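To keep things clear, I will list the structure first and then write my remarks on it.
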Amino acid sequence: MTPIEAAPVLELRDVRAAYGRIEVLHGISLQVPAGKVVALLGPNGAGKTTALKVATGQHPATAGHVHVGGRHVNGCRPDALARLGVCTIPEGRGIFRNLTVRENLRMATYGGTSESVVLDRAFHRFPRLGDRRNQLAGTLSGGEQQMLAVARGLAVDPALLLIDELSMGLAPLIVAELYELVAAIAAEGVSVLVVEQFARTVLGVADLAVVMQHGNVVASGVPSDLQAELSAAYFGASA
Amino acid sequence: MRDLLTVLVLALSSGAIYALAASGLVVTYTTSGIFNFAHGAIAMFAAFMYWQLRSGDAWHLPAPVALLLVLGVFAPALGYAIDRLIMRRLHDASPITRIVVPIGLLVALIQLASVIWPPDRVNATLHLFFEKPKGSASNASATTLSIGGVHLTYHQVIVFVVALVVALALRLFLYRTRTGIAMRAVVDNRDLAALNGADADRVSSMSWALGSMLAALAGILIAPILALDQVQLTLLVINAYAVAMVGKLRSLPLTVVGALILGLAIESTKKYGNHLPHAFNWITVDTVPVLMLFIVLLVVPQDRESLIGAARDRTRVPMPTVAHAVLAGAGLVAAAVIVPSFVHGNALGSVGYGLALAIVALSLVPLIGFAGQISLAQLGFAGVGAVVMFKVGADGNPLALLAVIVVCAAVGALVALPVLRLRGLYLALATMAFALFLEKAVFTRFDKFKDGDGAIGRIRLPGLSLRSDRANLVVMAFVFAVIGVGVAELRRGPFGRRLQAMKDSPAACTTLGLDLTRTKLQIFALSSAIAGLGGALLGGWRGKAGPEQFSLLQGALPGLPLVLLAVVGGITAVAGALLGGLLLALMPLVGDAVPTIRNLMTVAPGLAGISLARNPSGAVAQMSDNVRALLFRRRRDDDSGADGEEPPDDLRARLVPELVGVGGPASAAELRALDDELGLSWGRCDGDPADQ
């Protein structure tokens, strides 16, 4: 096995990032191996979302390297990465509120998947979205909106799926349902990075977990080994 | 019955014109999120361009070639340039910047067109399409068509058909093609559109090119019917604002309905207008579109999306100390004493004019700067002040100023009452409608004043002659200084805090128990009173006044550039208002003094407005920032203990990723194998994104 074949789908290496003069990532490294679900955990303000934005090209890294599929992609624009096969579901509801359900899904076809395939996959998995295909997405319920967002990740069959705070503002039952779906997507061989503030919701489906605090990675490994680090990160006990 | 049919056919024909003009407006708004005030100006500019290419007096190209060049090359290029140079910076700008910058473009284009095609030297007219040249022997029936006993020219029929086709084609394009959907998606959520793989910058450039093309089409078709005139053509499209508002700037079918309503209203006013009872004689062809805009704004529920997407206004509001403010005021009065010794004649006239305008601009500081309420009607209120002065204080009785204040405050509150729930763009448009109404229906009712000959005396005090230029200038400087200190003081007091709170978060204010209605009425009344005072003094300085001084767009010193320059000066600072007013009056003077840059000076107010896209805080803030930065740097050099440099911004500049393997160099074959395994396709990365 050459080193190339073992390359992770996404790798951040010693990445630093800043907003103006304020540095928020102080050299973090993390990997998403092919076909695995990695959970990126940490309390408010740990730098999780910034790390995700660096990975998607939305925010520049001031130092370090971002690799996707073995390529150095620092400086790649988010739309270019998206067409390449990196699918990102951003924080909040990753949908266009003023577009209909169907038009939302149409926007997902930039990666090269045809419209009929996208619609088929999305409506097969979420019949409820099919019933509302001509409704404005902004008028769906919170859970349905998030389903629509996830449906995009499902329908375009990406190489890498990045999800930010899937659970935000949703009922626990719906969150559980959505994570089952993430697990199903991963089972098809898609590599997934999930950013979550509430660890318990995601640890069930994650193969690996990375814990961040104050802009540094403080622990990483198999979820069951990380309980102590998690408590420390969230409750401020000294590590 | 026959009459009714005539009106109906004519309404369809003029409705088509408005539909055409408004659909472009709707497209630009739905695909860029910016209300393009300059839409009419682009239409006008393109119509002139067409004249230049087509006319026998100019380059005399065949019509199809000229059409192709204007619609296919010039207009899209203009739209693309507008997006690249100006609008692209606006997608996270504050509401006031998003309104003022397109107005700057409007003013700049009008003035640029007057420079390139001076109305006094170029006699530009466009002929109707398929119109027989004059003097040819054909009879009327060759160029007209009879429908229901009404004669229509082929041109009118073309306009109707084009309007219909454009509306349908746009509907299909925006809702059925991926590029159209992407245009709407980019407005909705720019970042998400990029995460979906749409090139947001490219998509919005295309929207502006399309909007500009539609404007050009409307301009070329409307100009022969109306007149090829810089201001008239621009104003016609302003009438189309009402039409576009019917569809809340989003719905094309409703826009067409709105166009028919306006067409019907205008044609029936033309036909039956003089049968109206005397009390309603202010309903004329000129005022109908304005009234419709005002009514539509009040009736149509405000589109909440129009508030989303615009960033909060983060402009700093400077808070000078009382001592500073008083000192600056005293300095201004002293300058007013000295200036007439050096400046004479026309130049002195302009200085006084500028000072009076500065008082009007000052009325915007508490209104826009502190309270965040956008008004384009301030010069209209100033006109009301001048009218009151003309009526009761023509002899210069200072007590008349009290009447001015009372009347203007009342008018201001009266206007504020119906528009209380409007914000941002809707408020700007409503106040604009009111300014146009004042101009067309109110200022024209006073004899002498309506001819620009309303004599207004300078202020006199018992036993004190203030009639000389110097004394009058000092009076105005004194008034400005007193109000300026008052405004600065206001910001420090409880009322100023209430205004700032209202601007920052109306929702938070209501939960705190603040009465927003009262606050808004108060600030509108205060602001119009200041504007009215400025107007009365302006009339006194000139000795006479008329609608020309207080119009929105026409005339020597129109109202839109005033708002523009006040914002350019810095709408949150008293000094900004002074700078704005003086700039507006003095720029033409500089042009007269240095003829080589006269053209530049004519276009300057518009360009200054456009420049706001770069520094939205205004000139005064910019200058004080620069001074502060200079001082800071000097101090830092002394300390020599500076912290790190800011990271460079061009980190994202590269588009295509490097081919660097992880853990040592990799061969192309290895990378390809890896891509296959992961399902990545680098070929798509640098492919053509938008139109597949």
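Computed values, structure above
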quantity	calculated
Residue list for the stretch A:137-150, restricted to those being in a helix (DSSP H, G or I) and more than 13 Å from chain B (Cβ to nearest Cβ)	A:GLY142, A:GLY143, A:GLU144, A:GLN146, A:MET147, A:VAL150
Looking only at the stretch A:161-178, and only at residues there that are open to solvent by less than 10 Å² (accessible area, probe 1.4 Å) and more than 21 Å from A:ASN44 (Cα to Cα), the one that is nearest to the chain's Cα centre (by Cα)	A:LEU161
Among the residues listed as B:LEU562, B:LEU600, B:LEU589, the single one being closer than 25 Å to B:GLY452 by Cα and open to solvent by 10 Å² or more (accessible area, probe 1.4 Å)	B:LEU589
Residue within the stretch B:572-595 that is in the same structural domain as B:LEU538 (by TED's automatic domain parsing), of a type in the set (D, E, K, R) and closer than 23 Å to B:PHE37 by Cβ present	no
Condition broken by A:ASN134, with the remaining ones in (1) surrounded by 15 or more Cβ atoms within 10 Å (Cβ to Cβ); (2) in contact with a strand residue (DSSP E or B) (Cβ under 8 Å, 6 or more places away or on another chain); (3) of a type outside the set (Lys, Arg); (4) not in a helix (DSSP H, G or I) satisfied	(1)
Test for B:VAL231: is it open to solvent by 10 Å² or more (accessible area, probe 1.4 Å) and within 14 Å of chain A (Cβ to nearest Cβ)	no
Which numbered condition A:ALA219 fails, given (1) open to solvent by 30 Å² or more (accessible area, probe 1.4 Å); (2) without any contact (Cβ under 8 Å) to a residue 60 or more places away in the chain; (3) part of a strand (DSSP E or B)	(1)
Top-ranked residue of the stretch B:178-188 - restricted to ones that are open to solvent by 10 Å² or more (accessible area, probe 1.4 Å) and more than 26 Å from the chain's Cα centre (by Cα), ranked as nearest to the other protein chains (Cβ to nearest Cβ)	B:ARG178
Per-region count, the stretch A:151-160, residues open to solvent by 10 Å² or more (accessible area, probe 1.4 Å), assigned to a helix (DSSP H, G or I) and within 13 Å of chain B (Cβ to nearest Cβ)	1
Pairs, first facing chain B (nearest Cβ under 8 Å) and open to solvent by 10 Å² or more (accessible area, probe 1.4 Å) in the stretch A:85-102, second part of a strand (DSSP E or B) and acidic (Asp, Glu), C-beta under 8 Å, six or more apart	A:PRO90/A:ASP164
Residues of the stretch A:55-65 that turn out to be under 12 Å from A:SER29 (Cα atoms) and open to solvent by less than 30 Å² (accessible area, probe 1.4 Å), as a count	2
Unmet criterion (only one of (1) open to solvent by less than 60 Å² (accessible area, probe 1.4 Å); (2) of a type in the set (Gly, Ala, Ser); (3) modelled with pLDDT of 85 or more) for B:ALA455	(3)
All helices (runs of 4 or more DSSP H) inside the stretch B:495-572 with 1 or more residues being among the charged types (D, E, K, R) and over 19 Å from B:LYS440 (Cα atoms)	B:516-542
Conditions (1) closer than 25 Å to B:TYR175 by Cα; (2) modelled with pLDDT under 90; (3) open to solvent by less than 40 Å² (accessible area, probe 1.4 Å); number of the one not met by A:GLY75	(1)
Residue within the stretch B:497-515 that is over 20 Å from B:ALA428 (Cα atoms) and polar (S, T, N, Q) present	yes
Candidates A:THR49, A:THR62, filtered to the one that is in the same structural domain as A:ALA199 (by TED's automatic domain parsing) and more than 24 Å from A:GLU180 (Cα to Cα)	A:THR62
Looking only at the stretch B:189-198, and only at residues there that are buried (at least 24 other Cβ atoms within 10 Å of the Cβ) and in contact (Cβ under 8 Å) with a residue 60 or more places away in the chain, the one that is farthest from the other protein chains (Cβ to nearest Cβ)	B:ALA198
Residues of the stretch A:103-117 classified as within 8 Å of chain B (Cβ to nearest Cβ), open to solvent by 20 Å² or more (accessible area, probe 1.4 Å) and either of a type in the set (A, V, I, L, M) or under 19 Å from A:ALA159 (Cβ atoms) (or both), total	1
Matching residues, the stretch B:392-447, being open to solvent by 40 Å² or more (accessible area, probe 1.4 Å) and either basic (Lys, Arg) or within 17 Å of the chain's Cα centre (by Cα) (or both)	B:ARG421, B:ARG423, B:PHE437, B:LYS440, B:ARG445
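Each row is one residue, and each column tells you yes or no for (1) within 12 Å of another protein chain (Cβ to nearest Cβ); (2) within 18 Å of the chain's Cα centre (by Cα); (3) at pLDDT below 90; (4) open to solvent by 30 Å² or more (accessible area, probe 1.4 Å).
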{"site": "A:ILE4", "(1), (2), (3), (4)": "yes, no, yes, no"}
{"site": "A:ALA7", "(1), (2), (3), (4)": "yes, no, yes, no"}
{"site": "A:TYR19", "(1), (2), (3), (4)": "yes, no, yes, yes"}
{"site": "A:ILE28", "(1), (2), (3), (4)": "no, yes, no, no"}
{"site": "A:VAL37", "(1), (2), (3), (4)": "no, yes, no, no"}
{"site": "A:THR50", "(1), (2), (3), (4)": "no, yes, no, no"}
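The values are calculated or read from the model by the stated rules, or taken from the named source; none is laboratory data. The shown structure was predicted, so the numbers you read here are calculated from the model rather than taken from an experiment. Ideal geometry is used to build each Cβ from the backbone, glycine not excepted, and the neighbour counts take in all protein chains shown. Remember, those area values only see protein heavy atoms, side chains included, never the ligands or the DNA or RNA. Shrake-Rupley method; radii C 1.70, N 1.55, O 1.52, S 1.80 Å.
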